[in-house]
Amino acid sequence: MSEQTNPELKDILNLIGELPVTAEFQSQSTDILAFINDWLSHYSKIYDFTKGFNVNRCALYWAGYDATDGFDGQAFVDACQDSRGSLRELAQILDTDLQIFELDPHTHTKADSKSLAMAASYGMMGIEESTQMFTACSFGQGVNAAANNALDNLANIDDFDLHDFMVSHCGLDHAALLGCTIAACMKGIPVILEGASGQLIKALLEKTSGRNFGNIITTDDLNDASFNETPGHTMIATAIILKTIYAGSIKSACGKVKAAA
């Protein structure tokens, strides 16, 4: 029996250079319904949307940092298990699989290359072939502060090496988010990322590759009307909006005026 080898972080990060290049999305439409329809069709054209729009995985990665911000991760997880919780209700509306992945949120130790590689590999395994859109975010004590700190360091760095940067400035949630996003991009799946962690992941991909990823939406770049800071709320609400708009736009009778007899 061959000995199983653990993934190496550099090998996972090297996959970024192998990600497929999709022609830049362009739409002449000034109508938001048509624009979203065009965007989804452009980045999800290998799937048959006539069989339904499947956002069948909404992933939330639970991590923790030393920075105390009053966020109670366990209370949040308990609330998610309540069928009356707002996040569960949103997931039911979207008809999606809401999953929480625990990434050693209580230890608060600095992640090394090995643990980052395991988290990234863990994130990659969350992508399924049938997925038409994937949403992800992270939550936990100090998560937002850690992501914003990494973004600040990324903006001020000259000699950039992704492996060294992640070991110095990133945590397990960032690695898991990067892993699932890489896997989604490899399969041509549009992605919605939430919060500062989502912005960090998109920034890392674009800085490493030197190109834009139009198939990735960060919710902070959208005008969110929900005004809800609950982790996962914005990304699922965004997916519901996109799904509803897409479903409405492909109805043949939608928007047509029926002439009186």
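The values are calculated or read from the model by the stated rules, or taken from the named source; none is laboratory data. Here the structure is a predicted model, which is why all the values come from computation and not from measurement. Ideal geometry is used to build each Cβ from the backbone, glycine not excepted, and the neighbour counts take in all protein chains shown.
Kindly check whether there is at least one residue in the range 98-106 that is buried (at least 17 other Cβ atoms within 10 Å of the Cβ) and modelled with pLDDT under 90. Yes, the range 98-106 contains at least one residue that is buried (at least 17 other Cβ atoms within 10 Å of the Cβ) and modelled with pLDDT under 90.
Look at (1) assigned to a helix (DSSP H, G or I); (2) at positive phi and you find that D104 fails only one, number (1). Scanning the range 198-218 for residues that are outside any helix (DSSP H, G or I) and either under 9 Å from the mean Cα position of the chain (by Cα) or on the phi > 0 side of the Ramachandran plot (or both) turns up G210, I216, I217, T218.
A single entry from C180, C185 fulfils the requirement of being in a helix (DSSP H, G or I), at pLDDT below 95 and in contact with a Phe, Trp or Tyr (Cβ under 9 Å, 6 or more places away or on another chain): C185. Among residues of the range 147-163 being in a helix (DSSP H, G or I) and among the polar types (S, T, N, Q), the one that is surrounded by the most Cβ atoms within 10 Å (Cβ to Cβ) is N149.
Listed by first and then second residue, the pairs linking a residue in the range 63-77 that is touching a residue at least 40 places away in the same chain (Cβ under 8 Å) and under 13 Å from F101 (Cβ atoms) to a residue that is of a type outside the set (A, V, I, L, M) and part of a helix (DSSP H, G or I), with Cβ atoms under 6 Å apart and 6 or more places separating them unless they lie on different chains, are A63/D173.
Quick grid of which residues meet (1) more than 18 Å from the chain's Cα centre (by Cα); (2) modelled with pLDDT under 80:
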site	(1), (2)
D11	yes, no
N14	yes, no
V21	yes, no
L40	no, yes
R57	no, yes
G64	yes, no
D69	yes, no
V77	yes, no
G85	yes, yes
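The residues in the range 178-197 that are on the phi < 0 side of the Ramachandran plot and touching a strand residue (DSSP E or B) at 6+ places or on another chain (Cβ under 6 Å) can be counted, and the count is 9.
I'd like the full set of residues that are of a type in the set (A, V, I, L, M, F, W, C) and either assigned to a loop (DSSP other than H, G, I, E, B) or farther than 21 Å from S44 by Cβ (or both), limited to the range 125-146.
M125, I127, M133, F139, V143, A145, A146
Could you check the range 87-119 and list, in sequence order, the residues that are polar (S, T, N, Q) and over 17 Å from the mean Cα position of the chain (by Cα)? Once the filter is applied, which keeps residues that are polar (S, T, N, Q) and over 17 Å from the mean Cα position of the chain (by Cα), the range 87-119 yields Q92, T107, T109, S113, S115.
Consider S209 carefully, then state whether it is modelled with pLDDT under 80 and out of contact with any Leu (no Cβ under 6 Å at 6 or more places or on another chain). Here the answer is no, as S209 does not meet what is asked. When K51 is tested against (1) of a type outside the set (D, E); (2) modelled with pLDDT under 75; (3) surrounded by 14 or more Cβ atoms within 10 Å (Cβ to Cβ), exactly one condition is not met: (3). Among the residues of the range 141-168, how many are under 20 Å from A117 (Cβ atoms) and either of a type in the set (G, A, S) or free of Cβ contacts under 8 Å to residues at least 40 places away in the same chain (or both)? Residues flagged as under 20 Å from A117 (Cβ atoms) and either of a type in the set (G, A, S) or free of Cβ contacts under 8 Å to residues at least 40 places away in the same chain (or both) within the range 141-168 amount to 7.
Screening S115 against (1) under 26 Å from N6 (Cβ atoms); (2) surrounded by fewer than 15 Cβ atoms within 10 Å (Cβ to Cβ) leaves a single unmet condition, (2).
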